[in-house]
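Working notes for the structure below.
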Amino acid sequence: MESVNEIKDKIRRRFVKVATCPTAPQRHPHGPASAKKLGYDPAEIDGLPAVVVESFAGVGNPLGLHPVRPGDTVVDIGCGAGVDSILAAHKVGPSGRVVGVDMTAEMVEKATANARVAGVPNAEFHQGEADHLPVGDGTADVVISNGVFNLCLDKPKVLAEVYRVLRPGGRLQMADILLGETVTDDAVEAKGAWSD
Ligand SMILES: C[S@@+](CC[C@H](N)C(=O)[O-])C[C@H]1O[C@@H](n2cnc3c(N)ncnc32)[C@H](O)[C@@H]1O
């Protein structure tokens, strides 16, 4: 069975590729066409610079689940290249703030550059892990996440972190991959099952 570090390294390598070679063939849909298929407003996606959306790798539209309000603080777990963070930054406006967290340095670098290109001053990005967020207690009105929980090895710990950073009355809006069938031990042990 692979160690936790081996699994994390595989996940990291996979998303370094999405960040740095978005036009190379990937094993999952990504980029602007995928975002539009997942229910994002096409005008909103087309309104972003191409470099911002090329590494989008989400599996749904968490911001579509409930409106975020002007002035809100939003934390984006596994923000990737920052599409949801940048869209959230537009919605929360100058009195609001968005904090994107991703474990892959290349994604954090790209999200930071993307926010600059998109002219968004109220989004910041930090390298960190979902089960150990670099975010203070009770500081977020909304936590969003898109396609990340399925990659997290200790899901209860991630949910505990979400609970820790949310203000009372805050909410989690997430999109992820769910399996309809029981996952067998063999499948869990199968090499690459986590990240390939
Ligand atoms: C499927 S991509 C989605 C990226 C982004 N949310 C989007 O919609 O484009 C998953 C992202 O989660 C990050 N990630 C995976 N496991 C993580 C973890 N345990 N903590 C923080 N980030 C993680 C990856 O580096 C990658 O950028």
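The number of residues in the range 54-103 being within 8 Å of the ligand (Cβ to nearest atom) and of a type in the set (S, T, Y) comes to 1. Residues that are more than 22 Å from R13 (Cα to Cα) and without any contact (Cβ under 8 Å) to a residue 60 or more places away in the chain number at least 3 in the following strands (runs of 3 or more DSSP E) confined to the range 42-127: 97-102. Looking at the range 39-46, is at least one residue closer than 20 Å to I144 by Cβ, under 14 Å from the mean Cα position of the chain (by Cα) and surrounded by 20 or more Cβ atoms within 10 Å (Cβ to Cβ)? So far as the range 39-46 goes, no, none of its residues is closer than 20 Å to I144 by Cβ, under 14 Å from the mean Cα position of the chain (by Cα) and surrounded by 20 or more Cβ atoms within 10 Å (Cβ to Cβ).
Restricting attention to the range 122-174 and to residues that are among the polar types (S, T, N, Q) and modelled with pLDDT of 95 or more, the residue that is farthest from A81 (Cα to Cα) turns out to be T139.
A count restricted to the range 160-180 and to residues that are part of a helix (DSSP H, G or I) and farther than 22 Å from N5 by Cβ stands at 4. All of (1) among the hydroxyl-bearing types (S, T, Y); (2) away from the ligand (no atom under 14 Å from the Cβ); (3) under 14 Å from G78 (Cα atoms) hold for Y163 with one exception: (3).
Six or more apart or on different chains, Cβ atoms under 7 Å: show the pairs whose first residue is in the range 2-28 and at pLDDT below 85 and whose second is within 10 Å of the ligand (Cβ to nearest atom). Qualifying pairs under 7 Å: P22/H30; P22/G31; P22/S55; Q26/V18; H28/A57. Looking across the range 22-33, just one residue is among the hydrophobic types (A, V, I, L, M, F, W, C) and farther than 20 Å from D84 by Cα, and that is A24.
Regarding the range 149-159, can at least one residue be identified that is assigned to a loop (DSSP other than H, G, I, E, B), under 16 Å from the mean Cα position of the chain (by Cα), of a type in the set (A, V, I, L, M) and surrounded by fewer than 16 Cβ atoms within 10 Å (Cβ to Cβ)? Yes, the range 149-159 has at least one match.
Remark: pairs (first residue in the range 129-152, within 6 Å of the ligand (Cβ to nearest atom); second residue part of a helix (DSSP H, G or I); Cβ separation under 7 Å; 6+ apart in sequence or on different chains) = A130/V158; A130/E161; N146/P62; N146/D84; L151/I11; C152/V158.
The values are calculated or read from the model by the stated rules, or taken from the named source; none is laboratory data. Because the structure is a prediction, the values reported are computed rather than measured. Heads up, the Cβs are rebuilt from the backbone with ideal geometry, glycines too, and the neighbour counts pull from every protein chain shown.
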